[in-house]
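These notes are about the structure you will find just below.
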Protein chains: 2
Amino acid sequence: MNKVRFGIIGVGNMGRAHAFSLLNEVKGAELTAVCDISPERLEWAAEQLPEQVLRFSTAEELFASGSIDAVMIATPHYDHPPLAIEALKHGLHVLIEKPAGVFTKAVQEMNDAAAQSDRKFGIMYNQRTNPLYKKLKELIASGELGEIRRTNWIITDWYRSQSYYNSGGWRATWAGEGGGVLLNQDPHQLDLWQWTTGMMPKRVRAFCQFGKYRSIEVEDDVTAYVEYENGATGLFITTTGEAPGTNRFEITGDNGKIVVEDGSLTFWRLRTPEPEFNATYTGGFGQPECWKCEIPVDKSNGGSHQGILRNFTNAILNDEPLIAPGEEGIRGLTLSNAMYLSAWTDNWVELPIDADLFHEHLMEKVRNSTFKKEASQGKALDVSGTH
Amino acid sequence: MNKVRFGIIGVGNMGRAHAFSLLNEVKGAELTAVCDISPERLEWAAEQLPEQVLRFSTAEELFASGSIDAVMIATPHYDHPPLAIEALKHGLHVLIEKPAGVFTKAVQEMNDAAAQSDRKFGIMYNQRTNPLYKKLKELIASGELGEIRRTNWIITDWYRSQSYYNSGGWRATWAGEGGGVLLNQDPHQLDLWQWTTGMMPKRVRAFCQFGKYRSIEVEDDVTAYVEYENGATGLFITTTGEAPGTNRFEITGDNGKIVVEDGSLTFWRLRTPEPEFNATYTGGFGQPECWKCEIPVDKSNGGSHQGILRNFTNAILNDEPLIAPGEEGIRGLTLSNAMYLSAWTDNWVELPIDADLFHEHLMEKVRNSTFKKEASQGKALDVSGTH
């Protein structure tokens, strides 16, 4: 194989961007088919995509068509796992949009299916190609920061107006998207939080507020406190209701602290690791000498969807290691599932979560999802500036 | 009266600094007496203070001496309320060190005594004279920020080594100090948190870790989540175990956000208040225009103890309004009491707290305070660089 023939399921906002990337930007990839249940969106595809790109109105037809080697799944979140499982069964390589799904029970089934397959399985965690977070991960993994003591991500710059939510009737409903800011805006940060630090919490206590700033039924404001196995603590603070908001990720360790904010990575590095200083210091108010280090970060070409599409294509063609293996999508989703469960039960949630219990709670929300918005159904937004 | 004759009870670390301020820095004040139960510290006073400053080994003798008009109480925290009540009974003006006490039950009794007295009653919240926080309070009170939505104070730059704790046997014990970072390092921030915003939480959910970084029995690491009456949420994150730590106070409101960090006050000001923008915006991902405004702050003479001593003296001499009325000390203490109670009960705590319940819990800790440190008892540290 010297070309990977791609199909895309779901040519809404993100699917369209991926279509053009596959057509124009990704060497070794070719877009041969798209699939959507919406006649309007297939109409769009007929008008905007090259003639030779086949169009299907069901995934079954696409999978059976023999026209593709790999499929990009860019549907509503609930459909990622069942479609991925079906695609794998058809011997297709599978790349899913984030989040991996809505509840871990289904995502685990998808992971099991992938484990039993020899096909490539990836997830569109394009922020893993962002040089800032790559560098952060490298610094932590190489031991520069020492043992981690605290993580604190304030990610409140996801401003969304009511008109955004009204642009699609499925948006911000339990039945449609299955969640709010955690599931739609934060999947990258939830992944990067665990990916850069290499740590998943052991328990979570979260405070979610539902429809606080907008007329929606899901959460638009969350504060989550976590505790890790090594004794470290963490915070994840997020909302779509604030402007201009903040995106500041601070990680403290034995050797100082790192702050990622405003596109910069700053390492306040202790000359002597704190435990060593403490063990030998005999004075009163002294503390370890600290150097403020501006860490160089390659500012070019960060966080692009094309980076993941290229890597996934190369994984199929040349067995290049995946930047974002699909199986790892369950981690970020576990974090958001745990946050919901903690808020709903007003209690601690231990990890791994009780996937059945979460699913029961979620399905109850879905059954009671009576929210009706005055929506301009199905309008595709220009997402060129989003992640 | 054209001179206020001051006595100081407790000439340990802070008492000594106040003694020199009263001797040399505060117009209208005169230091006429000191009192300490420690012969060594009275010996120090005999050697270091002017001859005419009287020395007493009990508060009773000081109060009965007729040598003072006002008393500065700089004893261990537990003693603030009983000494203040006794001093008020003797017709003395009273200035107490922070915190107001260890538990609100006693502090309320002190406040009741002050309310029944015509004497001045102040607390050494010298950070209320810090131009940064004065400006912040003014911006919020004048409505520049609009309705507050979120407060987030990361105050983790209180590094204390084990040798600091070992410098006094009473340090960081339930029986001696009655608490850790919340009670000894954070009283200013706990006060400023409510003073600058003008809001006390309605409930608190806190996570305290006891002796996490040091061999001490009290807390040295705290994350506290709060909810306010108006729907806003807040976080207070503190530790003595990290270096270099962070001191960053972010407040979000309808009109943007303010960040106080590194001695600067920055206001990200929305040109249109967010609720107004949201009500009229019809697009997809847009958000209100935002101006990054560097707010001028008088950098001189901020946060000094002398400022409070001068104000308290002028309050007595000229009825100048108190910057930090003693009765307000209960607010910050209520916050830390609530945090302990939440951690001990692993549950929400509503404000105002159940003062009796807190007292019961605390007394149990005091009874079980079996911690014995290898301490160099009673060494006075140089606190010239502290708050």
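Values for this structure:
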read-out: Single unsatisfied condition, residue A:336 versus (1) open to solvent by 20 Å² or more (accessible area, probe 1.4 Å); (2) modelled with pLDDT of 95 or more; (3) of a type outside the set (A, V, I, L, M, F, W, C); value: (1)
read-out: Which numbered condition residue B:345 misses (of (1) open to solvent by 10 Å² or more (accessible area, probe 1.4 Å); (2) under 30 Å from residue A:166 (Cα atoms); (3) modelled with pLDDT of 95 or more); value: (2)
read-out: Counted residues, segment B:38-55 - those being surrounded by 14 or more Cβ atoms within 10 Å (Cβ to Cβ) and either over 21 Å from residue B:90 (Cβ atoms) or out of contact with any helix residue (DSSP H, G or I) (no Cβ under 6 Å at 6 or more places or on another chain) (or both); value: 8
read-out: Lone unmet requirement of (1) open to solvent by 10 Å² or more (accessible area, probe 1.4 Å); (2) away from chain B (no Cβ under 14 Å); (3) at pLDDT 95 or above for residue A:212; value: (2)
read-out: Selected residue (criterion: farthest from residue A:106 (Cα to Cα)) from residues of segment A:42-89 that are part of a loop (DSSP other than H, G, I, E, B) and β-branched (Val, Ile, Thr); value: A:53
read-out: Residue in segment B:185-202 that is over 21 Å from the mean Cα position of the chain (by Cα) and under 19 Å from residue B:337 (Cα atoms) present; value: no
read-out: Answer residue from segment B:235-251, given it is open to solvent by 10 Å² or more (accessible area, probe 1.4 Å) and not in a strand (DSSP E or B) and is nearest to the other protein chains (Cβ to nearest Cβ) among those; value: B:244
read-out: Identity of the residue in segment A:274-320, charged (D, E, K, R) and in a loop (DSSP other than H, G, I, E, B), that ends up least open to solvent (accessible area, probe 1.4 Å); value: A:320
read-out: Residue list for segment A:262-273, restricted to those being free of Cβ contacts under 8 Å to residues at least 60 places away in the same chain, out of contact with any strand residue (DSSP E or B) (no Cβ under 7 Å at 6 or more places or on another chain) and either assigned to a helix (DSSP H, G or I) or facing chain B (nearest Cβ under 10 Å) (or both); value: A:272
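Table: residues versus (1) under 13 Å from the mean Cα position of the chain (by Cα); (2) open to solvent by less than 20 Å² (accessible area, probe 1.4 Å).
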{"position": "A:100", "(1), (2)": "yes, yes"}
{"position": "A:109", "(1), (2)": "no, no"}
{"position": "A:112", "(1), (2)": "no, no"}
{"position": "A:116", "(1), (2)": "no, no"}
{"position": "A:119", "(1), (2)": "no, no"}
{"position": "A:124", "(1), (2)": "yes, yes"}
{"position": "A:136", "(1), (2)": "no, yes"}
{"position": "A:145", "(1), (2)": "no, yes"}
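The values are calculated or read from the model by the stated rules, or taken from the named source; none is laboratory data. From a predicted model like this one, the values you see are computed outputs, not experimental measurements. Cβ sites come from the backbone with ideal geometry, for glycine too, and all protein chains shown count toward neighbours. Surface areas here come from the heavy atoms of the whole protein model, side chains and all, with no ligands, DNA or RNA. Shrake-Rupley method; radii C 1.70, N 1.55, O 1.52, S 1.80 Å.
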